[in-house]
1. Name the residues in the range B:100-117 that are of a type in the set (A, V, I, L, M, F, W, C) and surrounded by 13 or more Cβ atoms within 10 Å (Cβ to Cβ), would you?
2. Out of the helices (runs of 4 or more DSSP H) lying entirely within the range A:5-98, which hold 2 or more residues that are of a type in the set (Asp, Glu) and more than 9 Å from chain B (Cβ to nearest Cβ)?
3. Output the residues belonging to the range B:251-292 that are farther than 18 Å from A:Gly263 by Cβ, open to solvent by 20 Å² or more (accessible area, probe 1.4 Å) and more than 11 Å from chain A (Cβ to nearest Cβ).
4. Closer than 23 Å to A:Pro126 by Cβ, open to solvent by less than 40 Å² (accessible area, probe 1.4 Å) and not in a helix (DSSP H, G or I): does that describe A:Phe245?
5. Of the residues A:Ser146, A:Ser215, only one is farther than 21 Å from A:Thr290 by Cβ, small (Gly, Ala, Ser), modelled with pLDDT of 95 or more and not assigned by TED's automatic domain parsing to the domain that holds A:Gly274; which?
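The values are calculated or read from the model by the stated rules, or taken from the named source; none is laboratory data. Because the structure is a prediction, the values reported are computed rather than measured. Virtual Cβ from ideal backbone geometry, glycine too; neighbours counted across all protein chains shown. Surface areas here come from the heavy atoms of the whole protein model, side chains and all, with no ligands, DNA or RNA. Shrake-Rupley method; radii C 1.70, N 1.55, O 1.52, S 1.80 Å.
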2 protein chains.
Amino acid sequence: MPARIEDVALKAGVSTKTVSRVFNREPNVSEKARTRVEAAARELSYRPNPSARSLAGNRSYLVALLFDNPHAGSSYVMELIVGVLQACENTHYNAMLRPLDLSADAVAAVEEFVAQFRPDALVLAPPIGDDLKILRRLDDLNIRYSAISARSAHARIGVGLDERRAAAEMVEHLAALGHRRIGHIAGRAGHGARAWRLAGYRDGLRKAGMAYDESLVVDGDFTFDSGIAAARQLLDLRDPPTAIFAANDDSACGAMHEAFERGFSIPRDLSICGFDDTPASAQVWPGLTTVHQPCREMGRIATEQVLLSIREPEAAQTVRISYEIKIRGSTGPIRANSTSMALRSTR
Amino acid sequence: MPARIEDVALKAGVSTKTVSRVFNREPNVSEKARTRVEAAARELSYRPNPSARSLAGNRSYLVALLFDNPHAGSSYVMELIVGVLQACENTHYNAMLRPLDLSADAVAAVEEFVAQFRPDALVLAPPIGDDLKILRRLDDLNIRYSAISARSAHARIGVGLDERRAAAEMVEHLAALGHRRIGHIAGRAGHGARAWRLAGYRDGLRKAGMAYDESLVVDGDFTFDSGIAAARQLLDLRDPPTAIFAANDDSACGAMHEAFERGFSIPRDLSICGFDDTPASAQVWPGLTTVHQPCREMGRIATEQVLLSIREPEAAQTVRISYEIKIRGSTGPIRANSTSMALRSTR
DNA sequence: ACGCCAATTGTCAGCGCTGTCAATTTCTGA
DNA sequence: TCAGAAATTGACAGCGCTGACAATTGGCGT
């Protein structure tokens with residue numbers, strides 16, 4: 001049987017309340033008492049019972065990560081999870097996970113979840129933090145949350161990077177390589193990331209002095225397959241792009257796949273770049289030029305902030321984090337003669 | 001304030017104990033009582049308080065998934081997690097995650113973790129279930145666990161597939177394509193998967209009537225980079241292999257990468273295959289021939305079994321699950337003339 | 001030395017539930 | 001119909017901790 005607070009109190013010659021104070025880092029404990037308690041606790045290998053603590057303190061010491069039901073290989077969620085776990089280490093808090101089906105009634109699902117497990121705080125992975133209905137309901141229920149989102153419409157606490165600027169920079173990179181027809185594979189409708197990256201694409205075109213051509217923007221949904229379909233559509237255009245900026249790496253990989261299917265050489269015949277810097281993007285050949293997002297760190301910071309907001313509501317904030325453009329082998333200078341078209345016609 | 005068990009009891013006109021019985025599916029509750037309690041609970045939106053329940057019942061209702069500290073992109077852990085979460089749905093159990101640093105004192109880490117959070121059961125992701133020291137300590141501490149492992153040396157409960165047979169089949173596939181020099185990139189030392197897949201590789205050679213050539217087996221550690229290094233070593237041999245069976249997909253992708261760097265065409269100049277069927281393996285070009293492991297299902301089953309063992313210790317068992325060889329574009333028939341060598345020499 | 005205030009420590013009820021065991025009701029067979 | 005067994009129900013202590021608040025101690029100025 002593990003030691004209880006009473007055992008420690010007895011051994012240290014203090015009351016249980018003093019032991020409680022030490023373990024909760026409450027003020028007004030003398031140095032002497034603290035030392036004795038710590039020694040006694042160490043000797044008895046005392047660990048506070050989380051259930052008792054939760055029950056008495058009316059808190060769950062739980063942070064839940066809410067994320068979109070992951071299709072195979074959404075490695076960013078895994079990275080977020082690791083970040084959340086890192087943030088919980090050496091706190092009394094514990095992480096819980098909750099996949100959410102956004103196509104169903106997510107608001108009800110969140111409510112049910114919160115009612116059942118009573119987490120003290122939520123961390124909302126993209127695109128959950130972009131969903132106003134959910135945020136508002138959480139506000140109503142008076143539940144603390146932190147959004148991982150480039151620019152949450154609503155969340156006061158969170159973390160994110162300037163996806164719009166990053167996307168613009170990516171397009172400028174392509175422009176600097178001489179590309180004048182740059183396609184975009186857009187993200188899934190409803191995701192903030194779709195809007196920001198698309199807006200950044202347009203910013204980039206503008207900065208490079210190019211006109212926006214609607215036919216060069218094709219809908220996708222962040223999946224590999226949608227990347228294939230979108231690339232197909234773009235490459236079948238009468239005047240196809242010489243470069244494609246996909247809204248994320250998965251769809252960029254799909255686009256690469258389609259290019260290979262057509263016998264293209266990358267980047268000779270087509271430059272492709274993505275967004276996110278998933279592990280796969282460094283491993284495909286050629287390596288995918290993309291925007292690096294420090295997902296693990298984002299998960300950690302989002303959690304740290306929301307935990308901070310429990311202690312000091314005013315101190316917590318939205319943290320803007322920096323990104324990095326990773327230039328790998330999938331983007332290169334445009335060729336003088338448009339071989340890509342020639343190849344296409346031989347198909 | 002949420003409803004308490006007392007509120008439900010009052011409304012249903014029974015004692016709190018009866019309500020408790022209904023919610024815990026205990027026997028000896030009359031149909032009438034059950035119906036009334038359920039109605040009252042629904043009306044009050046009653047949810048049992050998990051902390052109170054744990055405290056009084058001396059159980060945590062927690063299942064913890066222990067996994068090796070994930071390097072970037074170990075998507076199988078994510079799949080396992082989803083499976084574990086699936087198994088917890090509609091039970092009173094809740095999943096916890098615990099990354100473990102196997103290079104440090106993992107036994108102590110597990111002990112500390114268990115002492116602090118008191119999970120009712122553990123699910124051990126590979127390669128944790130292969131670690132005898134950990135298993136024995138858990139036995140000593142009398143902690144229920146389930147191992148995800150092809151052939152755990154020790155665990156009575158778990159799930160796994162016959163990796164050895166799968167590996168042998170993979171090699172036979174290569175042999176059927178005409179390959180007579182088949183290299184192997186081995187997994188990380190200490191992982192059961194390394195041993196089983198290597199043994200299967202040898203089985204496959206034997207079945208195909210080929211001799212085992214030590215020089216064709218190179219150490220790896222399941223990472224992309226180790227795949228690059230190992231492929232380098234294999235392709236630099238005086239008489240290099242015409243096919244490489246890598247112990248997992250990440251290292252197979254590394255091998256592909258190295259082959260491309262040398263200007264090889266796959267599978268014309270070199271066949272490559274892996275193990276696991278990570279999402280990336282379907283997305284690289286050409287698609288990677290590999291062994292499909294249903295990770296999500298394995299996580300679910302491992303969890304279901306260990307939860308079952310709480311209710312019925314004798315009913316739980318080790319479940320053997322079936323694999324599937326996925327033949328994609330990265331393996332093909334051997335060419336008559338050994339172009340791969342010619343290409344290599346021009347480098 | 002004394003009063004006053006702040007810092008420290010302790011007391012104890014009670015968080016919401018379940019285990020134990022006793023009480024009550026219902027069923028069975030003669 | 002009734003004893004006895006079986007099924008159902010309830011009373012209540014207590015799980016291990018913290019919140020509220022009361023008691024005690026120590027420091028300081030006069």
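1. Here is the first cut: in the range B:100-117, the ones of a type in the set (A, V, I, L, M, F, W, C) are B:100, B:102, B:104, B:106-110, B:113-115, B:117.
Correct list: B:Leu100, B:Leu102, B:Ala106, B:Val107, B:Ala109, B:Val110, B:Phe113, B:Val114, B:Ala115, B:Phe117.
2. Values: elements: A:5-12, A:16-23, A:31-44, A:50-57, A:75-88.
Those helices (runs of 4 or more DSSP H) span A:5-12, A:31-44.
3. Residues of the range B:251-292 that are farther than 18 Å from A:Gly263 by Cβ, as a first pass: B:251-259, B:261-262, B:270-283, B:288-292.
Okay, now just the ones that are also open to solvent by 20 Å² or more (accessible area, probe 1.4 Å), so B:257, B:261, B:276-280, B:282-283, B:292.
Scanning the range B:251-292 gives B:Asp276, B:His292.
4. Values: closer than 23 Å to A:Pro126 by Cβ: yes; open to solvent by less than 40 Å² (accessible area, probe 1.4 Å): yes; not in a helix (DSSP H, G or I): yes.
The answer is yes for A:Phe245.
5. Values: A:Ser215 fails: not assigned by TED's automatic domain parsing to the domain that holds A:Gly274.
Every option except A:Ser146 fails the conditions.
Okay, residues lined up against (1) within 9 Å of DNA strand C (Cβ to nearest atom); (2) over 41 Å from the mean Cα position of the chain (by Cα):
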| site | (1), (2) |
| --- | --- |
| A:Ala9 | yes, yes |
| A:Asn28 | yes, no |
| A:Ala33 | yes, yes |
| A:Glu43 | no, yes |
| A:Leu55 | yes, no |
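Residues are listed down the side, and each one gets a yes or a no for (1) touching a residue at least 60 places away in the same chain (Cβ under 8 Å); (2) farther than 30 Å from A:Met256 by Cβ; (3) open to solvent by 10 Å² or more (accessible area, probe 1.4 Å):
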position: A:Val123; (1), (2), (3): yes, yes, no
position: A:Arg136; (1), (2), (3): no, yes, yes
position: A:Asp140; (1), (2), (3): no, yes, yes
position: A:Arg144; (1), (2), (3): yes, yes, yes
position: A:Ala147; (1), (2), (3): yes, yes, no
position: A:Gly160; (1), (2), (3): yes, no, no
position: A:Arg164; (1), (2), (3): no, no, yes
position: A:Glu172; (1), (2), (3): no, no, yes
position: A:Ala175; (1), (2), (3): no, no, yes
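Matching residues to (1) under 16 Å from the mean Cα position of the chain (by Cα); (2) part of a helix (DSSP H, G or I):
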site	(1), (2)
A:His257	no, yes
A:Gly263	no, no
A:Ile266	no, no
A:Asp269	no, no
A:Pro286	no, no
A:Val291	yes, no
A:Ala302	yes, yes
